[in-house]
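Presented below is the structure to which this report refers.
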Amino acid sequence: MPTTGDVRIGVFVCDCGMNIAGSVDCPSLVEIAKSIDGVVHAEQNRYTCSQPGQESIRKAIAEHKLNRIVVAACTPRIHEPTFRKCAADAGLNPYLVEMANIREHCSWVHQDDKAAATMKAADLVRSSVERARRLSPQKEAALKVHPAALVVGGGIAGIQAALDLADQGHKVYLVEKSPTIGGLMARLAKTYPTMDCPT
């Protein structure tokens, strides 16, 4: 883990129009971010995921020699790839990016309580900065994939999974620890709706 002197974190607070700023005091959040150890730059953007927002991040990485990024915005599920690519375009390892979801976790759940929304957003930013401080550069590995599947358990669910995979053209290995397959189904005398005997 890098020492505190090695870490130069940039925090980018997205106000998302009124979507976040309607409930979170974004200027105060920027000031709080600036006071966190290791943060050398913090700013507020209208739409951080937009081209101007991304350009602002790229510019700040170069200008402030940032080596970690925290974006306080909406869901990482949608925008994390955007910010990872943005960091990579600026020469920063894309795995040195952390996100704080201040839209769903703060703005949306505390719509009528700006103080609570802002306080929670500040906690999320502090947590994200702390996590960013501990991130290490990662390298993506290209692995050869063997087009086969291993199904563990020869009960009805395992048998059906193996059949479905085989129907899709995959080689399947079905492993069962007992001497016979069928699981509990094999012990039944009758099965609904046909009342057939499974043996």
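Under a straight-distance cross-link criterion of Cα-Cα below 28 Å, which lysines are reachable from K190, leaving out those fewer than 8 residues away in the same chain?
Within reach: K177.
Based on alpha-carbon centroids, what's the gap between segment 1-65 and segment 109-161 in Å, whole number please?
22 Å
At 7 Å along Cα-to-Cβ for each site, give me the label-to-label distance between Y95 and K114 in nm.
Distance between label points: 4.2 nm.
Over the chain, what is the relative contact order in whole percent, taking alpha-carbon pairs under 8 Å and six or more residues apart?
19 percent
Using only the alpha-carbon atoms, how far is helix 114-134 inclined from the longest principal axis of the chain? Give it as 0 to 90 degrees, nearest 10.
Tilt of helix 114-134: around 80 degrees.
Across the Cα atoms of segment 74-126, what radius of gyration and what greatest pairwise Cα-Cα distance (Dmax) are found, in Å?
13.3, 41
Can you sort T82, T48, T75, T118 from fewest to most other Cβ atoms within 10 Å of each residue's own Cβ?
T75, T82, T118, T48
Using helices alone, what [θ] at 222 nm do you get for the chain, with -39,500 (n - 2.57) per DSSP H run of 4 or more residues, divided over all residues and rounded to the nearest 500?
-11500 deg cm²/dmol
I need the P(r) histogram for the chain: all alpha carbon pairs, bin width 10 Å from 0 out to the longest distance, whole percents.
Calculated P(r), rounded to whole percents: 9, 27, 19, 10, 14, 14, 6, 1.
Run through segment 75-155 and list the trypsin sites (Lys or Arg not before Pro) located in a DSSP loop whose Cβ has at most 14 other Cβ atoms within 10 Å.
Answer by residue number: K139, K144.
Of the listed peptides 11-23, 164-176, 50-62, what is their order by residue-averaged count of other C-beta atoms within 10 Å, with the highest listed first?
11-23, 50-62, 164-176
Every number here is computed from the coordinates shown, using simple stated rules; none is lab data. Since the structure is predicted, the reported quantities are computational estimates derived from the model, not experimental observations. Heads up, the Cβs are rebuilt from the backbone with ideal geometry, glycines too, and the neighbour counts pull from every protein chain shown.
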